[in-house]
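Visitor: Could you have a look at this structure, given as structure tokens, before my questions?
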Amino acid sequence: MLDSAGNPYGTTDEGGAYSEGAVFELVPSGSGWSGRILVSFGALSGLGGYPVAGLIMDGAGNFYGGTFGDSFAASVFELSPSGNGWQVTVLHSFTISGNAGGPFGNLVMDNKGNLYGTTMSLGAYGMGNIFEISPSGNGWTYTDLYDFSNSGDGEYPTGDLIIDSEGNLYGTNLGESGQGVVWELTP
């Protein structure tokens, strides 16, 4: 992701202060680029770990992303410029039991500021789900939109989402016998 000045931002699924990933910024310097960690993820951070997906940015310069999760939690977060630094806010926390399975692919945002994403192995059947997180009052509201069951709809969504101008969501899942599934969710 590039900001308005052309500086790249991204995520790592390892490293950072807690060894479970970070958000970084690269800034041009005299000899190339210098990097700066903006936030570190892991059990000690309270944010969950392993932000394997990339970031998306809104018109105000805030970044949004998700953490796949460690043995405790996964999350959807917002990273906002604050003075000379950055403030991270958890918009939704997912409880993880056993293997992690939170957001794996990039989130998308509609023109009303609602965020959409998938989890890899959460939801009612443990095979992933599609969710919406909407701004409401002083916080955000989580809504489970669809739970995958591997009954023709596949399981374990790992790809990035796409949203069209009508608000339809598109994604990909693993399917039975190793076959992939391309799906559409209409509002």
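Visitor: Whole-Hz ³J(HN,Hα) for each residue in segment 39-53, computed from phi via Karplus 6.51 cos²θ - 1.76 cosθ + 1.60 with θ = phi - 60°, x for glycine and proline: what do you get?
Guide: In residue order, the calculated couplings are 8, 10, 10, x, 4, 6, 7, x, 10, x, x, 6, x, 6, 7 Hz.
Visitor: Could you work out which residue, out of 102, 21, 83, moves most in a Gaussian network model of the chain, that is, has the largest mean-square fluctuation with Cα springs under 10 Å?
Guide: Looking only at 102, 21, 83, the largest GNM fluctuation is found for 83.
Visitor: So, one more: May I ask you to list the residues of segment 155-186 whose amide nitrogen lies under 20 Å from a point 7 Å from Cα along the Cα→beta-carbon direction of residue 97?
Guide: What the label zone holds, given the 20 Å backbone N cut-off, is 156.
Visitor: Under 5 Å between amide H atoms, partner at least 5 residues away or on a different chain: which partners does residue 158 have, H built in plane at 1.01 Å?
Guide: 172, 174
Visitor: Another question, if that's okay. In the chain, if the dipole is taken from +1 on Lys/Arg beta carbons and -1 on Asp/Glu beta carbons about the Cα centre, which of 94, 10, 145 is farthest to the positive end?
Guide: 10
Visitor: I've got another one for you. When Rg is the radius of gyration of the Cα atoms in the chain and Rh is its Kirkwood radius, what does Rg/Rh come to?
Guide: Reported Rg/Rh (Cα atoms, Kirkwood Rh): 0.98.
Visitor: Could you work out the Kirkwood radius for segment 49-159, taking every pair of different alpha carbons, averaging 1/r and inverting it, reported in Å?
Guide: Kirkwood radius, segment 49-159: 14.2 Å.
Visitor: Of the candidates 65, 42, 113, which one comes out as most mobile in a Gaussian network treatment of the chain with C-alpha springs shorter than 10 Å?
Guide: Checking each option, the largest mean-square fluctuation is seen for 113.
Visitor: Now for a different question. Decide, for segment 70-126, between rounded, prolate and oblate: order the square roots of the alpha carbon gyration tensor eigenvalues as a ≥ b ≥ c, take rounded if a/c falls under 1.5, and otherwise choose prolate if a/b is larger than b/c, else oblate.
Guide: The shape class here is oblate.
Visitor: Residue separation times 0.36 nm, minus the C-alpha to C-alpha distance between residue 62 and residue 87: what's the value?
Guide: 8.0 nm
Visitor: What distance in nm lies between label points placed 7 Å from Cα along the C-beta direction at residue 186 and residue 37?
Guide: With each label placed 7 Å out from Cα toward Cβ, I get 4.7 nm.
Visitor: Of 159, 71, 47, which is farthest along the charge dipole of the chain in the positive direction, counting Lys and Arg as +1 and Asp and Glu as -1 at C-beta?
Guide: 47
Visitor: Continuing with the same structure: Any chance you could list P(r) for segment 104-187, counting all Cα-Cα pairs in 10 angstrom bins from zero, rounded to whole %?
Guide: All Cα pairs considered, the percentages come to 19, 52, 24, 5, 0.
Visitor: Another question, then. About its Cα centre, what dipole magnitude does the chain give when the only charges are +1 on Lys and Arg Cβ and -1 on Asp and Glu Cβ, stated in debye to the nearest 20?
Guide: It works out to roughly 500 debye.
Visitor: Grab the Cα-Cα distance for residue 164 and residue 111, subtract it from 0.36 nm times how many residues apart they are, and report the gain in nm with one decimal.
Guide: Extending this stretch completely gives an extra 18.0 nm.
We did not get these values from a lab; they are worked out from the coordinates using the rules stated. These figures come from a predicted structure and were not determined experimentally. We place every Cβ from the backbone using ideal geometry, glycine too, and count neighbours over all the protein chains shown.
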